[in-house]
Amino acid sequence: MAWDKGEQLRSKKEDFNKLLLETKGFLEEDEAKILLYKFLRENITFSADLISGVELFPFQHMAIKAMFETDYTLGIWSRGMSKSFTTGIYAFLDAIMNQGVEIGILSKSFRQSKMIFKKIEDIAAKPEARFLSQCITHKSKSNDEWLLEIGSSRIRALPLGDGSKLRGFRFHRIIIDEFLLMPERIYNEVIVPFLSVVENPVEREKMYNVETKLIEQGKMKEEDRYIWPNNKLIALSSASYKFEYLYKVYEKFEALISGQVKEDSGNATRCIMQFSYDCAPKKLYDENLINQSKQTMSQSQFDREFGALFTDDSSGYFKTSRMAACTVIDGDEPSVEVYGDPKSKYILSFDPSWAESESSD
(Lines give C-alpha, C1' and ligand atoms only; values in the text may rest on other atoms or scores of the structure.)
Protein backbone atom coordinates (compact mmCIF):
# COMPACT_ATOMS: atom_id res chain seq x y z
CA MET A 1 0.00 0.00 0.00
CA ALA A 2 1.33 3.45 -0.94
CA TRP A 3 0.29 6.93 0.14
CA ASP A 4 0.83 10.12 -1.84
CA LYS A 5 -0.66 13.32 -0.44
CA GLY A 6 -0.11 15.23 -3.69
CA GLU A 7 0.28 18.97 -4.22
CA GLN A 8 -3.27 20.23 -3.73
CA LEU A 9 -3.97 23.43 -1.79
CA ARG A 10 -5.68 22.56 1.48
CA SER A 11 -6.94 24.78 4.27
CA LYS A 12 -5.01 24.56 7.52
CA LYS A 13 -6.73 22.52 10.22
CA GLU A 14 -6.20 22.61 13.93
CA ASP A 15 -5.50 19.41 15.85
CA PHE A 16 -8.91 19.19 17.49
CA ASN A 17 -8.14 16.18 19.69
CA LYS A 18 -5.13 17.99 21.12
CA LEU A 19 -7.26 21.10 21.66
CA LEU A 20 -9.90 19.03 23.45
CA LEU A 21 -7.33 17.48 25.78
CA GLU A 22 -6.18 20.95 26.75
CA THR A 23 -9.73 22.13 27.52
CA LYS A 24 -10.19 22.52 31.27
CA GLY A 25 -12.96 23.49 33.67
CA PHE A 26 -16.75 23.55 33.43
CA LEU A 27 -18.43 23.68 30.01
CA GLU A 28 -21.77 25.28 29.30
CA GLU A 29 -24.25 22.99 27.56
CA ASP A 30 -24.09 24.76 24.19
CA GLU A 31 -20.28 24.72 24.20
CA ALA A 32 -20.26 21.05 25.20
CA LYS A 33 -22.59 20.17 22.30
CA ILE A 34 -20.33 21.95 19.81
CA LEU A 35 -17.24 20.21 21.16
CA LEU A 36 -19.01 16.83 21.01
CA TYR A 37 -19.99 17.45 17.40
CA LYS A 38 -16.42 18.38 16.46
CA PHE A 39 -15.10 15.32 18.28
CA LEU A 40 -17.48 12.99 16.42
CA ARG A 41 -16.65 14.71 13.13
CA GLU A 42 -12.91 14.22 13.63
CA ASN A 43 -13.05 10.63 15.00
CA ILE A 44 -14.95 8.67 12.39
CA THR A 45 -14.29 5.18 13.79
CA PHE A 46 -15.59 6.17 17.22
CA SER A 47 -18.65 7.86 15.68
CA ALA A 48 -19.54 4.86 13.51
CA ASP A 49 -19.30 2.54 16.50
CA LEU A 50 -21.31 4.86 18.76
CA ILE A 51 -24.12 5.59 16.29
CA SER A 52 -24.42 2.29 14.43
CA GLY A 53 -22.42 -0.30 16.38
CA VAL A 54 -20.13 -0.89 13.39
CA GLU A 55 -16.41 -1.33 14.09
CA LEU A 56 -14.46 -0.05 11.10
CA PHE A 57 -11.31 -1.59 9.68
CA PRO A 58 -8.46 0.92 9.27
CA PHE A 59 -8.90 1.08 5.47
CA GLN A 60 -12.62 1.83 5.93
CA HIS A 61 -11.78 4.65 8.34
CA MET A 62 -9.37 6.08 5.75
CA ALA A 63 -11.99 5.84 3.01
CA ILE A 64 -14.79 7.52 4.98
CA LYS A 65 -12.44 10.20 6.27
CA ALA A 66 -11.35 10.92 2.69
CA MET A 67 -14.99 11.23 1.59
CA PHE A 68 -15.55 13.80 4.34
CA GLU A 69 -12.37 15.78 3.66
CA THR A 70 -12.23 15.95 -0.14
CA ASP A 71 -14.63 17.27 -2.79
CA TYR A 72 -14.12 14.65 -5.52
CA THR A 73 -13.38 11.07 -4.49
CA LEU A 74 -12.63 8.28 -6.95
CA GLY A 75 -12.69 4.82 -5.39
CA ILE A 76 -11.15 1.98 -7.42
CA TRP A 77 -11.79 -1.00 -5.18
CA SER A 78 -11.38 -4.73 -5.48
CA ARG A 79 -14.51 -6.80 -5.83
CA GLY A 80 -15.95 -7.81 -2.48
CA MET A 81 -14.08 -5.16 -0.51
CA SER A 82 -17.23 -3.66 1.05
CA LYS A 83 -17.32 -0.44 -0.95
CA SER A 84 -21.15 -0.26 -0.82
CA PHE A 85 -21.16 -0.99 2.93
CA THR A 86 -18.42 1.56 3.64
CA THR A 87 -20.05 4.24 1.49
CA GLY A 88 -23.38 3.60 3.19
CA ILE A 89 -21.74 4.40 6.55
CA TYR A 90 -20.36 7.64 5.11
CA ALA A 91 -23.81 8.57 3.75
CA PHE A 92 -25.67 8.31 7.05
CA LEU A 93 -22.84 9.92 9.04
CA ASP A 94 -22.79 12.85 6.60
CA ALA A 95 -26.58 13.16 6.76
CA ILE A 96 -26.51 13.22 10.57
CA MET A 97 -23.58 15.62 10.96
CA ASN A 98 -24.51 18.03 8.16
CA GLN A 99 -28.21 18.63 8.59
CA GLY A 100 -30.03 19.73 5.45
CA VAL A 101 -27.67 17.96 3.06
CA GLU A 102 -29.13 16.32 -0.06
CA ILE A 103 -27.39 13.05 -0.97
CA GLY A 104 -28.09 11.29 -4.27
CA ILE A 105 -27.10 7.65 -4.90
CA LEU A 106 -27.03 6.93 -8.63
CA SER A 107 -26.07 4.01 -10.83
CA LYS A 108 -26.70 2.64 -14.30
CA SER A 109 -29.55 0.47 -12.97
CA PHE A 110 -32.00 1.17 -10.16
CA ARG A 111 -31.13 -2.22 -8.65
CA GLN A 112 -27.50 -1.17 -8.26
CA SER A 113 -28.27 2.30 -6.90
CA LYS A 114 -30.42 0.67 -4.20
CA MET A 115 -27.50 -1.42 -2.93
CA ILE A 116 -25.96 1.34 -0.78
CA PHE A 117 -29.43 2.33 0.44
CA LYS A 118 -30.06 -1.29 1.52
CA LYS A 119 -26.75 -1.36 3.40
CA ILE A 120 -27.93 1.59 5.49
CA GLU A 121 -31.23 -0.20 6.17
CA ASP A 122 -29.44 -3.39 7.18
CA ILE A 123 -27.17 -1.54 9.59
CA ALA A 124 -30.06 0.44 11.11
CA ALA A 125 -32.07 -2.76 11.69
CA LYS A 126 -29.50 -4.18 14.12
CA PRO A 127 -30.05 -3.73 17.89
CA GLU A 128 -26.68 -2.04 18.39
CA ALA A 129 -27.67 0.65 15.85
CA ARG A 130 -30.47 2.08 18.01
CA PHE A 131 -29.05 5.62 17.78
CA LEU A 132 -29.03 5.42 13.99
CA SER A 133 -32.59 4.05 13.83
CA GLN A 134 -33.74 6.90 16.10
CA CYS A 135 -32.18 9.43 13.72
CA ILE A 136 -34.23 8.14 10.75
CA THR A 137 -37.40 10.26 10.64
CA HIS A 138 -38.98 9.05 7.40
CA LYS A 139 -38.53 6.36 4.77
CA SER A 140 -40.41 5.76 1.53
CA LYS A 141 -39.98 3.50 -1.50
CA SER A 142 -41.55 3.89 -4.93
CA ASN A 143 -40.88 2.28 -8.30
CA ASP A 144 -38.32 4.92 -9.28
CA GLU A 145 -37.14 6.48 -6.02
CA TRP A 146 -36.11 5.33 -2.55
CA LEU A 147 -35.97 8.09 0.06
CA LEU A 148 -34.49 8.14 3.56
CA GLU A 149 -34.83 11.25 5.72
CA ILE A 150 -32.55 11.88 8.69
CA GLY A 151 -33.85 15.07 10.28
CA SER A 152 -33.68 17.69 7.54
CA SER A 153 -31.19 15.64 5.48
CA ARG A 154 -32.31 13.35 2.67
CA ILE A 155 -30.69 10.35 1.01
CA ARG A 156 -32.20 9.33 -2.35
CA ALA A 157 -31.49 6.26 -4.46
CA LEU A 158 -32.46 6.87 -8.08
CA PRO A 159 -32.19 5.02 -11.40
CA LEU A 160 -29.94 6.75 -13.91
CA GLY A 161 -31.55 5.69 -17.19
CA ASP A 162 -30.78 8.27 -19.88
CA GLY A 163 -30.51 11.01 -17.27
CA SER A 164 -33.71 12.80 -18.30
CA LYS A 165 -35.60 12.00 -15.08
CA LEU A 166 -32.83 13.42 -12.89
CA ARG A 167 -32.83 16.98 -14.17
CA GLY A 168 -35.30 18.21 -11.57
CA PHE A 169 -33.11 17.14 -8.64
CA ARG A 170 -30.29 19.05 -6.98
CA PHE A 171 -27.77 17.35 -4.71
CA HIS A 172 -24.98 18.50 -2.42
CA ARG A 173 -23.46 15.00 -2.53
CA ILE A 174 -23.58 12.60 -5.46
CA ILE A 175 -22.55 8.98 -5.00
CA ILE A 176 -22.13 7.03 -8.24
CA ASP A 177 -21.92 3.28 -7.83
CA GLU A 178 -20.35 1.23 -10.65
CA PHE A 179 -18.96 4.35 -12.30
CA LEU A 180 -17.46 2.15 -15.03
CA LEU A 181 -20.98 1.73 -16.46
CA MET A 182 -21.71 5.47 -16.44
CA PRO A 183 -21.87 6.87 -20.01
CA GLU A 184 -19.49 9.77 -20.56
CA ARG A 185 -22.23 12.00 -21.97
CA ILE A 186 -24.53 11.54 -18.98
CA TYR A 187 -21.69 12.16 -16.54
CA ASN A 188 -20.71 15.46 -18.19
CA GLU A 189 -24.17 16.73 -19.19
CA VAL A 190 -26.32 15.53 -16.29
CA ILE A 191 -24.28 14.50 -13.23
CA VAL A 192 -21.72 17.31 -13.04
CA PRO A 193 -24.36 20.11 -13.37
CA PHE A 194 -26.06 18.69 -10.26
CA LEU A 195 -23.14 19.99 -8.22
CA SER A 196 -23.42 23.55 -9.51
CA VAL A 197 -26.02 24.61 -6.90
CA VAL A 198 -24.46 25.49 -3.55
CA GLU A 199 -25.97 25.55 -0.09
CA ASN A 200 -27.06 28.86 1.50
CA PRO A 201 -26.10 31.19 -1.42
CA VAL A 202 -27.62 34.27 0.29
CA GLU A 203 -25.54 33.76 3.42
CA ARG A 204 -22.42 33.28 1.30
CA GLU A 205 -23.05 36.53 -0.56
CA LYS A 206 -23.58 38.49 2.67
CA MET A 207 -20.38 37.15 4.23
CA TYR A 208 -18.41 37.88 1.05
CA ASN A 209 -19.58 41.51 1.09
CA VAL A 210 -18.68 41.91 4.78
CA GLU A 211 -15.23 40.39 4.21
CA THR A 212 -14.70 42.71 1.23
CA LYS A 213 -15.37 45.77 3.39
CA LEU A 214 -12.98 44.49 6.09
CA ILE A 215 -10.28 43.95 3.47
CA GLU A 216 -10.79 47.48 2.12
CA GLN A 217 -10.43 48.83 5.67
CA GLY A 218 -7.21 46.87 6.17
CA LYS A 219 -8.70 44.78 8.97
CA MET A 220 -8.51 41.53 7.01
CA LYS A 221 -6.39 39.94 4.30
CA GLU A 222 -7.67 38.40 1.07
CA GLU A 223 -6.24 34.99 1.95
CA ASP A 224 -8.18 35.02 5.24
CA ARG A 225 -11.60 34.82 3.58
CA TYR A 226 -13.80 32.02 4.88
CA ILE A 227 -13.65 28.97 2.60
CA TRP A 228 -17.10 27.46 2.21
CA PRO A 229 -17.32 23.68 1.77
CA ASN A 230 -17.84 22.52 -1.80
CA ASN A 231 -20.38 19.99 -3.02
CA LYS A 232 -19.06 16.44 -3.26
CA LEU A 233 -18.83 13.70 -5.88
CA ILE A 234 -17.99 10.13 -4.88
CA ALA A 235 -17.46 7.69 -7.76
CA LEU A 236 -17.00 3.98 -7.04
CA SER A 237 -15.93 1.22 -9.40
CA SER A 238 -13.66 -1.69 -10.07
CA ALA A 239 -10.83 -1.03 -12.54
CA SER A 240 -11.28 -1.05 -16.30
CA TYR A 241 -9.30 -1.21 -19.52
CA LYS A 242 -7.13 1.85 -20.12
CA PHE A 243 -9.03 2.82 -23.26
CA GLU A 244 -12.29 3.24 -21.34
CA TYR A 245 -13.62 6.53 -19.96
CA LEU A 246 -13.05 5.58 -16.31
CA TYR A 247 -9.29 5.57 -16.88
CA LYS A 248 -9.47 9.04 -18.44
CA VAL A 249 -11.13 10.31 -15.26
CA TYR A 250 -8.51 8.48 -13.19
CA GLU A 251 -5.68 10.14 -15.14
CA LYS A 252 -7.28 13.58 -14.75
CA PHE A 253 -7.62 13.10 -10.98
CA GLU A 254 -4.02 11.91 -10.77
CA ALA A 255 -2.74 14.92 -12.72
CA LEU A 256 -4.69 17.40 -10.57
CA ILE A 257 -3.62 15.76 -7.32
CA SER A 258 0.06 15.65 -8.29
CA GLY A 259 0.03 19.24 -9.52
CA GLN A 260 0.85 18.36 -13.14
CA VAL A 261 -2.36 20.17 -14.14
CA LYS A 262 -3.74 23.22 -12.34
CA GLU A 263 -7.43 23.51 -11.49
CA ASP A 264 -9.19 26.51 -13.04
CA SER A 265 -12.33 26.32 -10.92
CA GLY A 266 -10.88 27.22 -7.51
CA ASN A 267 -10.04 25.24 -4.43
CA ALA A 268 -11.62 21.83 -5.17
CA THR A 269 -9.70 18.87 -3.74
CA ARG A 270 -9.54 15.31 -5.06
CA CYS A 271 -8.68 11.89 -3.75
CA ILE A 272 -8.06 8.50 -5.36
CA MET A 273 -8.58 5.39 -3.24
CA GLN A 274 -7.15 2.35 -5.03
CA PHE A 275 -7.59 -0.76 -2.90
CA SER A 276 -6.41 -4.19 -4.04
CA TYR A 277 -7.78 -7.30 -2.34
CA ASP A 278 -4.44 -7.83 -0.56
CA CYS A 279 -4.85 -4.46 1.22
CA ALA A 280 -7.86 -5.83 3.08
CA PRO A 281 -7.73 -7.63 6.43
CA LYS A 282 -7.22 -11.38 6.01
CA LYS A 283 -10.64 -12.29 7.38
CA LEU A 284 -12.54 -9.99 5.02
CA TYR A 285 -12.10 -12.29 2.02
CA ASP A 286 -12.86 -15.94 1.47
CA GLU A 287 -9.52 -17.46 0.45
CA ASN A 288 -11.32 -20.11 -1.60
CA LEU A 289 -12.97 -17.36 -3.67
CA ILE A 290 -9.63 -15.69 -4.37
CA ASN A 291 -7.97 -18.99 -5.33
CA GLN A 292 -10.87 -19.99 -7.57
CA SER A 293 -10.86 -16.56 -9.27
CA LYS A 294 -7.13 -16.87 -9.95
CA GLN A 295 -7.73 -20.23 -11.63
CA THR A 296 -10.75 -19.26 -13.71
CA MET A 297 -9.88 -15.68 -14.72
CA SER A 298 -7.18 -14.47 -17.04
CA GLN A 299 -4.38 -12.53 -15.35
CA SER A 300 -5.55 -9.19 -16.72
CA GLN A 301 -9.14 -9.88 -15.70
CA PHE A 302 -8.04 -10.80 -12.17
CA ASP A 303 -5.88 -7.66 -12.03
CA ARG A 304 -8.91 -5.50 -12.88
CA GLU A 305 -11.48 -7.23 -10.68
CA PHE A 306 -9.39 -7.96 -7.59
CA GLY A 307 -6.09 -6.09 -8.05
CA ALA A 308 -7.76 -2.70 -8.73
CA LEU A 309 -5.33 -2.29 -11.64
CA PHE A 310 -6.09 -0.73 -15.01
CA THR A 311 -4.90 -3.02 -17.78
CA ASP A 312 -3.98 -2.49 -21.41
CA ASP A 313 -6.16 -3.64 -24.26
CA SER A 314 -6.89 -7.33 -24.66
CA SER A 315 -4.56 -9.30 -26.90
CA GLY A 316 -7.18 -11.53 -28.51
CA TYR A 317 -7.84 -11.75 -32.24
CA PHE A 318 -10.36 -8.89 -31.94
CA LYS A 319 -9.17 -6.22 -29.52
CA THR A 320 -11.68 -5.02 -26.95
CA SER A 321 -11.04 -1.37 -27.79
CA ARG A 322 -11.74 -1.98 -31.48
CA MET A 323 -15.00 -3.79 -30.69
CA ALA A 324 -16.01 -0.98 -28.32
CA ALA A 325 -15.33 1.60 -31.04
CA CYS A 326 -17.57 -0.35 -33.44
CA THR A 327 -20.40 -0.69 -30.91
CA VAL A 328 -23.46 1.54 -31.20
CA ILE A 329 -24.25 3.34 -27.95
CA ASP A 330 -27.49 2.21 -26.28
CA GLY A 331 -30.41 4.20 -27.65
CA ASP A 332 -28.59 5.41 -30.78
CA GLU A 333 -29.34 4.42 -34.36
CA PRO A 334 -29.01 2.11 -36.16
CA SER A 335 -30.30 -0.78 -34.07
CA VAL A 336 -30.73 -4.42 -35.06
CA GLU A 337 -33.28 -6.94 -33.84
CA VAL A 338 -32.31 -10.57 -34.27
CA TYR A 339 -35.12 -13.11 -34.60
CA GLY A 340 -35.58 -16.58 -35.99
CA ASP A 341 -38.05 -19.41 -36.39
CA PRO A 342 -40.19 -19.54 -33.20
CA LYS A 343 -40.37 -23.35 -33.53
CA SER A 344 -36.60 -23.72 -33.51
CA LYS A 345 -34.01 -23.48 -30.74
CA TYR A 346 -30.81 -21.48 -31.10
CA ILE A 347 -27.53 -21.38 -29.19
CA LEU A 348 -25.46 -18.20 -29.03
CA SER A 349 -21.92 -18.80 -27.78
CA PHE A 350 -18.64 -16.94 -27.40
CA ASP A 351 -15.12 -18.33 -27.52
CA PRO A 352 -13.02 -15.86 -25.48
CA SER A 353 -9.26 -15.87 -25.49
CA TRP A 354 -8.65 -16.37 -21.77
CA ALA A 355 -4.91 -16.25 -22.21
CA GLU A 356 -5.21 -12.81 -23.84
CA SER A 357 -2.11 -13.50 -25.87
CA GLU A 358 -1.42 -12.76 -29.53
CA SER A 359 -0.41 -16.40 -30.05
CA SER A 360 -3.46 -17.94 -28.35
CA ASP A 361 -6.42 -19.33 -30.27
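The values are calculated or read from the model by the stated rules, or taken from the named source; none is laboratory data. These numbers were taken from a predicted model, which means no experiment stands behind them. When we count neighbours, we look across all protein chains shown, and the Cβ atoms used for this are built from the backbone with ideal geometry, even at glycine. Heavy atoms of the whole protein, side chains included, go into the accessibility calculation; ligands, DNA and RNA do not. Shrake-Rupley method; radii C 1.70, N 1.55, O 1.52, S 1.80 Å.
What to note about this one:
- Seen from every direction in turn and averaged, the convex hull around the alpha carbons of segment 16-150 projects onto 9.8 nm².
- Each of Thr23 and Glu69 was given a label point 7 Å from its Cα along the Cα-to-Cβ line. The distance between the two points is 2.1 nm.
- Sum of -39500 (n - 2.57) over DSSP H runs of 4+, divided by residues of the chain (222 nm, nearest 500): -11000 deg cm²/dmol
- Relative contact order (%) - segment 1-142, alpha-carbon pairs under 8 angstrom, separation at least six: 21 percent
- Share of Cα-Cα pairs in the chain lying beyond 26 Å, as whole percent: 60 percent
- Backbone amide hydrogens, once placed in the peptide plane, bring Phe275 within less than 5 Å of Ile76, Trp77, Ser78, excluding anything fewer than 5 places away on its chain.
- When only the Cβ of Lys, Arg, Asp and Glu is charged (+1, +1, -1, -1), the dipole of the chain relative to its Cα centre reaches about 700 debye.
- If you take all other residues with their beta carbon under 13 Å from the beta carbon of Ser238, and give Lys and Arg +1 and Asp and Glu -1, the sum is -2.
- With the simple spin-label model, which puts each label point 7 Å out from Cα in the Cβ direction, the Met220 to Lys126 separation comes to 4.5 nm.
- Element breakdown for segment 1-107 at a 1.4 angstrom probe: carbon and sulfur atoms account for 57% of the accessible area.
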